[in-house]
Amino acid sequence: MEFSILINLAFLVLSLALLLVSADKFVGGAEEIGLVLGVPHFIMGITVLAVGTSFPELVTSLFAVYDGTSEIVIGTVIGSNIANILLILGVTAIFAKSINITWDLLHGDLPMLFGSLLLMGFVVYPLSSADWAEFTEISASIAQGGPGNLGSRSSITPLEGLILVVGYLLYLNYYTVRHKEEVAKNSGQPEERPPFRMLTVFWIVAGMLGVMIGAKFTVDFAVALATEMQIGTEVVAASLIAFGTSMPELVVSISAARRNNFEMVLGNVTGSNIFNTFMVLGIPSMIAPWMGDRVYLKVGEESILFLQFPFYAATLFLFLVVVLDKTLTRTEGWVVFLAYILFICKLFSFI
């Protein structure tokens, strides 16, 4: 039993490594295309880099739905969102010693982040009278040490998925159409535009193919590992898969911090979270009834409702507190990073 767990864990790590390398090639190519086009730094962060670095989460979620393990989707989304703020922003602040924030997050990304949190809560938690009755019954069962299987009612419908996708389109419209000149003025333009290279297109295509292959194996070995360890697949998704798929964001953020390009760091973190919530959760929800086991996208068991989502809500409030003064210090970075360690420990019931 222990040997098979180690084998599945090893192959899961290799699959995540393939995801990481492929995503790095994809993001590097996408970033170069953005520079060729003269995209402003913050816009680069919330679009090219955020979408590119979240591409592993999206492809992994699509394969999870296809394989009939759609509860991996919500675990990956919430786990990645928590990792983006607590792990990536924390490590970047520790590395950079201090992050100075010039972009006005209070009137742009923070309201959208909290709005996406509310929408996620509306689609994840049961809100009808029948759903609420079952929800409270299961809650009482969990409090008494009983099972916590929420069954088919704990799911996200295609209509809810469509609403999430529309939310992301409105977000892009806000920055790229309605406030394009203001964004360009405040976030700065790239210093120089590199020449276009066909090799860049090759790496984008190769990176996409590598991400797809890595995502397929990641889902397969994550399910096998969860079965061997007798834990929920959403727990594996929120920890190992989320950690692995968040590595592109970490690499991009540290690289941007080295160049003192903190707007790109924040744009990458906030943009990735918003993309995860709206698109990585929305697109699989829209197509789930026509793929895999042909049911609505499953939310999973009590780990999502009673630990992961509440912890993500607390994470956003912590993020709000540390960025309101326009500076993120190394000490605050350590606090944020330790909060991520606490999440992992709670996730696996170490404490």
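Just to be sure I understand, how many residues within the range 281-316 are closer than 20 Å to Cys345 by Cβ and of a type in the set (Gly, Ala, Ser)? Going through the range 281-316 one residue at a time, the tally reaches 4. Contact map, the range 9-30: residues that are under 28 Å from Glu228 (Cα atoms) paired with residues that are polar (S, T, N, Q), Cβ distance under 7 Å, separation 6+ or inter-chain. Pairs shown: Leu12/Thr218; Ser15/Thr218; Leu16/Thr218; Leu19/Thr218; Leu19/Thr245.
Of all the listed residues (Ala256, Ala222, Ala215, Ala242), the sole one being at pLDDT 80 or above, in contact with a helix residue (DSSP H, G or I) (Cβ under 6 Å, 6 or more places away or on another chain) and within 26 Å of Phe317 (Cβ to Cβ) is Ala242. Condition test on Val323, is it closer than 22 Å to Ile274 by Cα and of a type in the set (A, V, I, L, M, F, W, C)? Criteria met by Val323. Criterion first (modelled with pLDDT of 85 or more and either closer than 15 Å to Thr92 by Cβ or surrounded by fewer than 24 Cβ atoms within 10 Å (Cβ to Cβ) (or both)) does Phe311 satisfy it? Taking the combined requirement at face value, the residue satisfies it. Scanning the range 323-349 for residues that are of a type outside the set (A, V, I, L, M), assigned to a helix (DSSP H, G or I) and over 17 Å from Asn100 (Cα atoms) turns up Phe337, Tyr340, Phe343, Cys345, Lys346.
Taken over the range 62-97, the criterion of being hydroxyl-bearing (Ser, Thr, Tyr) and within 16 Å of Val269 (Cα to Cα) is satisfied by Thr76, Ser80, Thr92.
Taking first residues from the range 335-350 that are closer than 11 Å to Leu307 by Cα and partners that are modelled with pLDDT of 95 or more and of a type in the set (Val, Ile, Thr), the Cβ contacts under 7 Å between residues at least 6 apart in sequence or on separate chains come to Phe343/Ile82. With the structure loaded, tell me whether Leu297 is of a type outside the set (S, T, N, Q), modelled with pLDDT of 85 or more and surrounded by fewer than 20 Cβ atoms within 10 Å (Cβ to Cβ) or whether it fails that test. No; evaluated as a whole, the condition is false for this residue. Of the residues making up the range 257-278, those that are crowded, with 24+ Cβ neighbours inside 10 Å and aliphatic (A, V, I, L, M) number 4.
Residue count for the range 55-91 satisfying the condition of being in a loop (DSSP other than H, G, I, E, B) and either modelled with pLDDT of 90 or more or in contact with a Pro (Cβ under 9 Å, 6 or more places away or on another chain) (or both): 1.
The values are calculated or read from the model by the stated rules, or taken from the named source; none is laboratory data. Note that the coordinates shown come from a computational prediction; the quantities given were computed from them, not determined experimentally. Backbone-built Cβ (ideal geometry, glycine too); neighbour counts: all protein chains shown.
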